[in-house]
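Undergrad: Please see the structure below; I have some questions.
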Amino acid sequence: MSQSVIKQDIKRIIQGLGNESLGLSGKTLLISGGAGFLGSYILSTIHELNKKYSKPCRVISIDNFITGKKRRIVAEIVDRNFIFIEADVTKPINVKEKIDYIIHAAGLASPVYYQKYPLETIESAIFGAKNLLEIARKKSVKSFLYFSSSEIYGDPDPNFIPTPETYRGNVSSIGPRSCYDESKRLGETLCMVYHSLYGISVKIVRPFNIYGPGMLQDDYRVIPTFISQALVKKPLTVHDLGNQTRTFCYISDAIVGFLKVLLSRENGQVYNVGNDDNEISMLGLATIVKKIFNGKVVIQTIKYPKNYPQEEPKRRCPDLTKIKTRLKYRPKVDLEKGLRRVVKWYRDEHII
């Protein structure tokens, strides 16, 4: 299997981290959701970093495969420094090893999946966080990273776009997206309570629409959907009028941001992670995909499918001032270049 695109991405991540990555050498990392899109990239990055460490980083990956794939998305890892456990993070976990870092990346981020599994979505964000925070407390970990979401902002007031971490959100507690939005908000609260009560070295990231090679066509998010449709010459189906906007962050940029936050010295902090350069409508996104396929696909507007939760935010764009200033984070991959890399990966891997 060709992994040229992903190998290049892993190399970019390592270059982006520079000497900061040395903080993982000789340490043990516990990660939930290691079989998912983001988790797989984190594991593959550490696997590659281990080749240059004098003391490797040990990784314990936990996943129940509700949406993750048992066959690894990014790369197969057969390594005595990596332990893969099939388990539900919402249930108590017994870990005997010393743990230095914990990442809670398990969750159901696709709107189609969190509508299909609303209770599991809530439990992963809250009970999963609680179980891992207990491990962090007992093991006195160096750093605990919680994956929240830009969805916690809901449909932001136009006066708060780009949206800073200080914005408190415009979210319905009983709406069709609330199982995801509100559970992530409460997960953040849990983290901050453990930080204030027990001094846990908590950090929180709010990802803004991360995409890249490794996203499969059954993810149901917009970029893999458009590319999957284009590859089989189907119309690119744009919901409603297509005037809702997003910014998209390429995976290599995002992983650099996440690991910078994990390894940072400031605790009790929240960081937006994304790209603030390319706010684009869904119709505009479809137009770029059409261009990549030399205009040989058509764009079709449709009503929202029944399996897609309503009340979609109109705009989403991060204010990255905090992470740029404090952690020297800079997204580097522009949208069209990133989309072309995803298309190449799909073709190389014969995804369709």
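Undergrad: Three principal axis extents, largest first, for the C-alpha atoms of segment 219-352, in Å?
TA: Principal axes ranked by extent give 49, 36, 24 Å for the Cα atoms.
Undergrad: In a shell of Cβ-Cβ distance under 14 Å around K324, excluding K324 itself, what net charge do Lys and Arg (+1) and Asp and Glu (-1) give?
TA: +1
Undergrad: As a test of the definition: which semi-axes, in Å, follow for segment 45-160 when you take the square root of five times each eigenvalue of its alpha carbon gyration tensor? Largest first, please.
TA: Each semi-axis is √(5λ); the values are 27, 17, 17 Å.
Undergrad: Over 34 Å apart: what share of the alpha carbon pairs of the chain falls there, rounded to a whole percent?
TA: Working: 12102 of 61776 pairs.
In whole percent, the share of Cα-Cα pairs in the chain beyond 34 Å is 20.
Undergrad: Let me ask you something else. Filter the cross-link list K184/K324; K11/K337; K7/K332; K203/K328; K96/K142; K7/K234 down to pairs whose alpha-carbon distance in this structure exceeds 21 Å.
TA: Checking Cα-Cα distances, K184/K324; K7/K234 exceed 21 Å.
Undergrad: Using mean Cβ contacts within 10 Å as the protection proxy, how do 79-87, 128-136, 264-272 order, highest first?
TA: Most protected by this proxy first, the peptides run 128-136, 264-272, 79-87.
Undergrad: Moving to a separate point now. Considering only the chain, what is the antiparallel percent among its DSSP beta bridges, to the nearest 5?
TA: If I count the DSSP bridges inside the chain, around 5 percent turn out antiparallel.
Undergrad: By the scheme Lys and Arg +1, Asp and Glu -1, what is the net charge of all other residues having a beta-carbon under 10 Å from that of S110?
TA: 0
Undergrad: Same structure again: Between Y117 and R330, what length comes free when the chain is fully extended (0.36 nm per residue of separation minus the Cα-Cα distance, one decimal in nm)?
TA: The span from Y117 to R330 would gain 73.2 nm if fully extended.
Undergrad: Where a ≥ b ≥ c are the square roots of the eigenvalues of the C-alpha gyration tensor, would you call segment 268-307 rounded, which needs a/c under 1.5, or, failing that, prolate if a/b is larger than b/c, or oblate?
TA: On the way: a/c = 3.74, a/b = 1.66, b/c = 2.25.
The shape class here is oblate.
No lab work stands behind these numbers, since they all come straight from the coordinates. Owing to the predicted nature of the structure, the values given are computational and were not obtained by experimental measurement. When we count neighbours, we look across all protein chains shown, and the Cβ atoms used for this are built from the backbone with ideal geometry, even at glycine.
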